[in-house]
1. Among the residues of segment 136-179, write down those that are within 16 Å of Phe104 (Cβ to Cβ) and of a type in the set (D, E, K, R).
2. Could you count how many residues in segment 68-96 are of a type in the set (S, T, N, Q), assigned to a loop (DSSP other than H, G, I, E, B) and at pLDDT 95 or above?
3. Here is a list: Leu146, Leu130, Leu198. Which entry is aliphatic (A, V, I, L, M) and in contact with a Gly (Cβ under 8 Å, 6 or more places away or on another chain)?
4. Does any residue of segment 91-102 turn out to be farther than 18 Å from Ile20 by Cβ and in contact (Cβ under 8 Å) with a residue 40 or more places away in the chain?
5. Given the conditions (1) under 22 Å from Thr205 (Cβ atoms); (2) of a type in the set (Ser, Thr, Tyr); (3) within 14 Å of the chain's Cα centre (by Cα), report the number of the one that Ser64 does not fulfil.
6. State the number of residues belonging to segment 28-57 that are under 16 Å from the mean Cα position of the chain (by Cα) and under 21 Å from Leu168 (Cα atoms).
7. Would you tally the residues in segment 55-73 being touching a strand residue (DSSP E or B) at 6+ places or on another chain (Cβ under 8 Å) and without any contact (Cβ under 8 Å) to a residue 24 or more places away in the chain?
8. So which residues in segment 191-212 are part of a loop (DSSP other than H, G, I, E, B) and surrounded by fewer than 12 Cβ atoms within 10 Å (Cβ to Cβ), if there are any at all?
Amino acid sequence: MWYLYNMGYIIKTPTGCFGIDLKHKYSEKLVGLIDFLLISHRHGDHFDEDMVKEMERLNKPVVSNFIENRYLITEPKSMTIGDVEIKILINDHNVQTPNFVLSFEIDCGKSADHMNVFHTGDSYMASQLLTSKDVDILIPHLRVGLDINEVVKNTRAKNVMMSHVMELGHARVEGGYRWSFDNGFDECSKLTNTNCYLPVWGEKTVWTKNNH
C-alpha cells in the first residue's frame, strides 16, 4: 500500500493493483500501473480529471457517483473487479451535502488472504459506516467530524491509517480545512483498542493479515 496524497492510496496485491481517490500532478502517469480506480466523491482533492480521461481511454474501470459510465453508483452496490470484491455505501459528507460520498469496503481477494480495507472518503457519520466483516485496515478522514472510535468499534478495525492530512488546496486558516500532521497525531492519540498510523506522502507499507 502506498499513501500518495490526501485520501489517495494505491494498493497492490499478488494479482492486481488499484487506486482510491488519487489526486496528484503526476496521477495520469500511474494509469498504466493500476487496473481500476475508485473515487469517493467529486471534490477536486479526491480525483484528477486527466487521469480519469486516460483511464476511460484505455477502458479501465472508474467507479464513482458522478462520472457517466457503466460504473456510476446511484445506490448501494456490490461489485467484483478481477479478484477484488467491493461493497459500496452512499454516505453524507456533512449536514449540507447528504448522500454525497461513497465509502468502499474492499476485499482484496484470495491472493491477499482476503485483506479487508475500508476507505470512508469524506463521510462524517459513524452510524452510516458499517461493514459486512471485520476490517483489517480502516482509512478515515481525520477531522471531518467523524467519530473514528465509533467506526473502529462498529467495524472491528484492527488498524487505522489516519488520512486527509495537509491538503494543500484547502485554506490554512483558523477553523479551516488544511489539517496538519500535529492534528493527525492528536487524532491518533484519541483512538483506543486499535493500531493507528499516520503515513506521510509516498510512504509504503506492506501488510499481512496478522502484521505489516
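1. Asp136
2. Residues of segment 68-96 of a type in the set (S, T, N, Q): 69, 74, 78, 80, 91, 94, 96.
Filter again for assigned to a loop (DSSP other than H, G, I, E, B), leaving 69, 74, 94, 96.
Checking the rest, the ones that are also at pLDDT 95 or above come to 69, 74.
Selection size over segment 68-96: 2.
3. Values: Leu146 fails: in contact with a Gly (Cβ under 8 Å, 6 or more places away or on another chain); Leu130 fails: in contact with a Gly (Cβ under 8 Å, 6 or more places away or on another chain).
Just one listed residue meets the conditions, Leu198.
4. First, pick out the residues of segment 91-102 that are farther than 18 Å from Ile20 by Cβ: 92, 94-99.
With in contact (Cβ under 8 Å) with a residue 40 or more places away in the chain added as a condition, the list becomes 94.
Looking through segment 91-102, at least one residue is farther than 18 Å from Ile20 by Cβ and in contact (Cβ under 8 Å) with a residue 40 or more places away in the chain.
5. (1)
6. 10
7. So the first thing to find is which residues in segment 55-73 are touching a strand residue (DSSP E or B) at 6+ places or on another chain (Cβ under 8 Å), and the list is 55-56, 60-66, 69, 71-73.
Restricting the remaining residues to those that are without any contact (Cβ under 8 Å) to a residue 24 or more places away in the chain gives 56, 69, 71-72.
The qualifying residues number 4.
8. Thr192, Asn193, Val200, Gly202, Val206, Thr208, Asn210, Asn211
The values are calculated or read from the model by the stated rules, or taken from the named source; none is laboratory data. Nothing here was measured: the structure is a model prediction, and the numbers come from that model. Note that each Cβ is placed from the backbone with ideal geometry, even for glycine, and that neighbours are counted across all protein chains shown.
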